[in-house]
1. What whole-number distance in Å separates the alpha-carbon centres of the range A:307-380 and the range A:223-255?
2. Need one value for B:124-132: mean number of C-beta atoms belonging to other chains within 10 Å of its residues' C-beta atoms.
3. Pick out, from B:146, B:90, B:128, the residue whose Cα sits farthest towards the positive end of the charge dipole of the range B:19-161, with +1 on the Cβ of Lys and Arg and -1 on the Cβ of Asp and Glu.
4. Just checking the output field for B:101-108: average partner chain Cβ neighbours within 10 Å of each residue's Cβ?
5. Is the shape of the range B:19-161 rounded, prolate or oblate, going by the alpha carbon gyration tensor and its root eigenvalues a ≥ b ≥ c, with a/c under 1.5 for rounded and a/b larger than b/c for prolate?
6. With +1 on the Cβ of every Lys and Arg and -1 on the Cβ of every Asp and Glu, and nothing else charged, how large is the dipole of the range B:19-161 about its Cα centre, in debye rounded to the nearest 20?
7. For Cα pairs less than 8 Å apart in space and 6+ apart in sequence, what is the mean separation divided by the residue count of the range B:19-161, i.e. the relative contact order in percent?
8. Name the residue, out of B:77, B:147, B:88, whose mean-square fluctuation peaks in a Gaussian network model built on chain B with Cα pairs under 10 Å.
Amino acid sequence: MELSRRDLIKVGLFSSAALMLPAERVARTKLAVANRLPQSKLPEPFTMPWKTPPAAPKTTVNGVDYFTITQQQTKVNILPDRQTTIWGYNGVTPGPTIYVDQHRPAVVRQICALPERHPELGYNVWTSTHLHGSCSLPQYDGYASDTTTPGSFKDYRYPNIQDARTLWYHDHGVHITAENAYMGLAAQYILHDPVEQSLPIPHGQYDVPFILKDVMFQDSGDLVIDDNDENGIYGDVVLVNGVPWPKMEVEPRKYRFRMLNACVSRSFDLSLDTGEPLTVIGTDGGLMPHPQPCAHVKIGMAERYEVVIDFSKYQPGQRVVMRNTSPKNNIDYDTTDIVCAFVVGSHVTDPRNNEIPQDLNPNMRVMDLKASDASVTRNMRFERKGGGWTVNGQTWEDVVNSDYELTVANPAYGDVEIWELENPGGGWFHPVHIHLVDFKVLDRNGRPPEPYEQGPKDVVYVGESEKVRVIMRFENQRGKYMMHCHNLVHEDHDMMVQFEVGDGGDDPIHADPCKGQDKMGPLFEIPREDNSGHGSHPGGSSTISVPAAAAPAPRVQVLGSKVKKTKPKKRKVKVTRKPKAKVTHKKPKAKVTHKKPKAKKPARRKVVSSSRGRS
Amino acid sequence: MAGLAVTPLRVVAGHRTDSARWSTAALAAALLSLAGGWIHFAFVSSHWRDWWAYGAFFLVSGLFQGLFAAAMLKWPNRWTALVGIAGNLAIVGMYVMSRTYGIPSGPHAGIVEKATLVDLGCTAGEIVLVGILLGMVGTTSRRLIINLLLVVGVALWFLRLTNNPLV
């Protein structure tokens, strides 16, 4: 009846595997946090030189710009004395900046050459690339469940029909967006238009990408990835364009910084140590109607602000430090209250475009919207419920379980609506991103928006116990688009829902899924009459892709499930409808037909990586 | 091993008899199984909300372990023990898969869940339960199962140490 010693050893081998392998990931995270690189080993602030992300090579054929971006795992020197494993677009982080012009469509081929498993966390890897700020078709919007697996690629098509703005492309792969983005999958995409180009604001070398991110390093140099029990990933090192607390040599003139908060969970409140204002000229959706001088600018995750700093006010050799007065509910460290420094030179090489006109973009349609234009007001409540992050009690899991039919709103094409974005919680903030549209912030808890928010936006900072009203017109595309908190950990767990504009939009998952690299043909063909090279930029030929013979077959995954491409099998899941967003019909217009509200269903929630569940 | 009837704990001259040991083992197995079942039941509703099949798995696991506990007390024989071994190893196997390779199907297919103290503790209990039950089956069956566990254990460690994406 008793087991022999040999039996115990045999069973022990199995038992150790059954208990230690599952615990390994958690143990690694704990060890990594314990192994955090101490402050004494971090670089001295303002000693590392400024870097600007490289421009993505472009080829223009028949009025279309083509780009090829490869998502790669590489080791880079973020710290001078240690190498860090990162995931970068073309192997760099931030990735290469894509520069495009209005009304010239672009095709960006995203090749996923990442490992099949995350090197530290061990999760199965997939990506989905969202061009944040673009009114792309649903199948090119980086729909979270429209994933691309290692060995596959997808050609994203972007219309570039909107006004000049600072967009960015970043990962949006369902449930692992935070980790993927934290590893480095983020970059800017800058859209120019004639109006913006004609303004005497800083251009060229004085128009500078400024990408904020926080990270934490292990002693080995690799990143510490700890989501703090699904609350957020916070680092103790502030990077600007991938450099820890860099120092920038500037000329005594105006510079325009395209600020992007690419952090997973950290917000900033930025100011200059000299007390001089930051003049905000642009927001997420492009130039503001008028510039706004601000003593400080609070920037949540994914928000963009174009800020002009006038260095002509300073003495040659003077150092100006950009500080961060951290908004509440971040995890702060001694080193996160500073961002970067500017050292002012004595000579201006180009004095042109050194102004801030009072009228920047007076034709921005969204900024002309008034509350009375809206036919519908909907309430969207972002809250923690039953251990999960929800929007009106819904999660992305509910969307998946409904076979992607569940929506929180169905505005008709062209409808103007007000959405009340509400955060009843006091322990966290939610930068809320509504895909597809630009919106205008009407008010915040009944008060006017901050001066720097008075431009077209697609993300708004919904602070603790705040209700922010935004107004928007649903136009440019039809179909299903996401809305979510841009704390990417909240988004992954599972504060994301969708709305549908009009009827008959393309299916975001099946209209143009990723393909295996064995099916990768040329990205474009240069027409014979264009063989002279007209219209092509140097380096373009390298973007012509050749089919890879040994590439693995494509794996089309939807939310991690393998899905047949031809006839997606519908699960027999009985879905009880969730209550839709609270809708207040203010002024039903004659032409607008509102869908019948769907049957109410009990509130549900979803915990992805349940800290409580098992098996 | 011969007397398989339910026997109260008995101590003879300060030493436990075989049947007393058997009873102790059956009682311990039943208690461990009951605890495992209770933990599975506790998480049925939260998993059901994620996907009905996840909830169903927890429900079936909890039911199995609860009923097994009763069966163990009522019929503490080798066949009951074999059923318990098979069922608990299936649960442990699913657990290991969900924490290493990823959840095999459903909306979270491929996602590797985080291990927590609760689920690690529960799994440890199930493994101890299997160990106890192994002592209650026949020699041939025991050798077969233990060798099978050895093969699976070696395979898991081999896959992990060779950085195979399966674990």
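Coordinate-derived values only; no laboratory data. Quick caveat, the model's predicted, so the values are computed rather than measured. Here the Cβ is made from the backbone with ideal geometry for all residues, glycine too, and neighbour counts use every protein chain on show.
1. 16
2. Working: counts 3, 0, 2, 7, 1, 0, 4, 6, 2.
For this peptide, the per-residue mean of nearby foreign Cβ atoms is 3.
3. With unit charges placed on the Cβ atoms, the residue in question is B:146.
4. Details: counts 4, 5, 3, 0, 4, 7, 17, 10.
Partner Cβ neighbours, averaged per residue: 6.
5. Working: a/c = 2.34, a/b = 1.34, b/c = 1.74.
Because a/c hits 1.5 or more and a/b fails to exceed b/c, the range B:19-161 counts as oblate.
6. Details: 9 positive and 4 negative charges, 74 e Å.
The calculated dipole for the range B:19-161 is roughly 360 debye.
7. Working: 137 pairs, mean separation 35.3, N = 143.
About 25 percent, as a whole number.
8. Of the options given, B:147 has the highest mean-square fluctuation.
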